[in-house]
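Read the structure below first, then the notes.
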Amino acid sequence: MARYQKLTIIGLIVVGLGLSLALLFLNLDSFVKTTIRFQDIFDITNIKTFFDNYIANHSNTYAEFEEKCADAANSVSAYLQSFNYESFQNIFSNVLNFLYTLLMYFLNIGLNVIVLVFIFIRESIYGTQLKIKTSKPALILIKIRECICFIMNKLKVLIKQIICFVKENKRPLALLLLIILVSNGFLYRFLVEIIIFLEAYIFHMFCFDIHVVFESMLKAFIIWVIPIIQKTPRILWYILIYIFMFLLGLSKAKYKLKKNHERLKSFAHDELTQTTFINGAPGTGKTLLNVSLSLASEEAYIDELEKKILDYEAEYRYLNFAEIRNKPDLYPEHKDYIDTLKALKDRGTFLISNYAIYSPYFMEYSKIFNFDYMRKNIEAKEYPLEEYIVISLSEIDKEYNSHDNVKEVGSDGAHTFFSTVSHDLKRHCKIFCDYQLKDQVPLRIRGNAEYFINIKKRKLKMPLILKMYYLPFKGLKALIEKLIVSYELKKKRINKETQRKTVGIYKRNDYNTTYFFLRNMNTTLSKICAWFEKYQYFKLSALKSQEGDDKGEKITFNINLCDLHINNQKLYDSTFLSYAYEQKKNMDFKDIDSFTQLTPSIEELNKCNSKFYNKINN
């Protein structure tokens, strides 16, 4: 491998030298002109920058530009002065003529196109074919598609190999590029122009007329742009503006997601102290906010520990801490540094919860929270909690509910845990608990919360400019999906008096050309929409208070969808009890008894095991 790299480097050097000598011979005239140009630095009073020379060589272009601007301004002024009722009448007449012409085009061309498209859709999509088969044109298209995919995969591999080659040989390639730029005289010309520009800039700066330099730059830019504008087709400008707006929207969307994350982390670390209770109606995002604040607090603690390590290293500026990290047992005097490093590197995730959270910072699941850790009045065998942890408890009202027996709720000392944990862990702990109604959790526990967050509503949002590009793809995808459903299924109303439709019946079992294009378009549009949806975020509207009432401060949280998963791995599941239920499930839904009439018998009502039914029927 080393021999191959040496041969590669030698080959690149030989090629570079040969190419540089050839370029040097072909560009001798350029070196001579640049050397003559370099002599201008000795005539500082008459020095001219690159932009001044460019303007002098293209003075006619700039004069024409000024003339056109003046003519345009005069035309607008003359039009405004001569505006009267007759001109307005002409404009109105032209608008009517345009609408009439548009109507004629629609009746003669547009209507026929619509009819043809309707006939095509009617015959190719709404038809019936129960025989299972694949048409020959569809088979050919599938083969072509497979070949294209094969070629694209090979191109991707080739591009990756080229990128790897460039990364492995970036120094020789950079040297080769530098030799080429020197050999063809470009670098020499560039350096000379830079020196002249700096000299002129400094000269005009001392003469207090530095605006002359910027005026020449602006004029040179206008002269350079005007021919490009004149030669470029108008449709290409529309495309370029469309692309520019898309890139602008993409940049704004990335900035928006970045600020969303930074604000959430700052809120969790700076505004929330220790214990925060989150409540709200079902589906408003209680667990979503719980997980987001927990992960934001974990990241904030990581930053805090890294800052603590940095501050410690600043006290011992002449010490190589790599030796301490490598052999910590030999440096007992730096125990604080070693303990901080272990808390950051050795113990894994900072999260502990009664449901699974996947930490993207350590690529592992959260620790399992044992409720015995918070039962202060019951002696436990384990006390594993320590500084710099984040405790996340979901559905805490299921464990401690105000409607439960007072002894069951208050005798184990959970309220004491919430009131003393900040002292136990030296205030380096965050606790987030979510539940449904604000009064469900006993007051003795809720009374230890620093803040209550009551979520009112949740909306899915996307940055405006990017959304304008997303909606056409979303609408087209919805149309294609509707056509696929119409192709495959036959759905009709149950009867004429209702709008309810029956379960769809498959009416097409063939794979033809139309179906091929619909399926491929749907797949492509799904990928495009999925790419846009990476920039969506949830906007949660809530109230923050210290008493848990409805008179708190109005706040909003923006939680990025892209921050809720990593490498196709979800960071949490709000239905985390579902797998446990699947394990104990022992009967299929279809095997459950059904009612036999609208007024059930006693036997059927008894199968409900309802306390009310049993009381009235027995």
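So the values come out like this:
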quantity: The chain, accessible surface, carbon-and-sulfur percent (1.4 angstrom probe); calculated: 62 percent
quantity: Cβ crowding within 10 Å averaged over residues, with 605-612, 170-177, 515-522 ranked highest first; calculated: 515-522, 170-177, 605-612
quantity: Contour minus Cα-Cα distance for F612 and K585 (0.36 nm per residue); calculated: 7.1 nm
quantity: Förster-model FRET efficiency, 51 Å R0, R145 and I202, C-beta, rounded to 0.05; calculated: 0.20
quantity: Flagged links, alpha-carbon separation over 27 Å, of K258/K527; K376/K551; K265/K342; K367/K584; calculated: K376/K551
quantity: Region 466-534: relative contact order in percent, alpha carbon pairs under 8 Å with at least 6 residues between; calculated: 39 percent
quantity: The chain - charge dipole about Cα centre, Lys and Arg +1 at Cβ, Asp and Glu -1, debye rounded to 20; calculated: 3200 debye
quantity: Rounded to 10°, Cα long-axis angle of helix 28-38 versus longest principal axis of the chain; calculated: 90 degrees
quantity: Along each principal axis, Cα extent of region 573-617, largest first, Å; calculated: 41, 23, 17
quantity: Whole-Å semi-axes of region 290-387's equivalent ellipsoid (Cα gyration tensor); calculated: 30, 18, 11
quantity: Cα-based Rg and Dmax for region 466-534, where Dmax is the largest Cα-Cα distance (Å); calculated: 15.2, 44
quantity: Per residue accessible area in Å² of region 573-617, where ligands, DNA and RNA are left out and the probe is 1.4 Å; calculated: 98 Å²
quantity: Of (i) 50, 39, 20; (ii) 43, 40, 27; (iii) 60, 46, 31, the label for semi-axes √(5λ) of the Cα gyration tensor in Å derived from the coordinates; calculated: (iii)
quantity: Viscosity 1.002 mPa s, temperature 20 °C, Stokes-Einstein D of region 124-223 from Kirkwood C-alpha radius, µm²/s; calculated: 104 µm²/s
quantity: Charge tally in the Cβ shell below 11 Å around E533, where Lys, Arg are +1 and Asp, Glu are -1, E533 excluded; calculated: +4
quantity: Karplus (6.51, -1.76, 1.60) ³J(HN,Hα), θ = phi - 60°, over region 554-560, in Hz, Gly and Pro reported as x; calculated: 6, 9, 10, 10, 10, 10, 5
quantity: Solvent-accessible heavy-atom area per residue, rounded to whole Å², over region 347-460 at 1.4 Å; calculated: 51 Å²
quantity: In region 265-346, the trypsin sites (Lys or Arg not before Pro) that fall in loop regions by DSSP, at most 12 other Cβ within 10 Å; calculated: R317
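The values are calculated or read from the model by the stated rules, or taken from the named source; none is laboratory data. These figures come from a predicted structure and were not determined experimentally. Note that we place each Cβ from the backbone using ideal geometry, even for glycine, and neighbour counts take in every protein chain shown. Note: areas computed on protein heavy atoms with side chains; ligands, DNA, RNA excluded. Shrake-Rupley method; radii C 1.70, N 1.55, O 1.52, S 1.80 Å.
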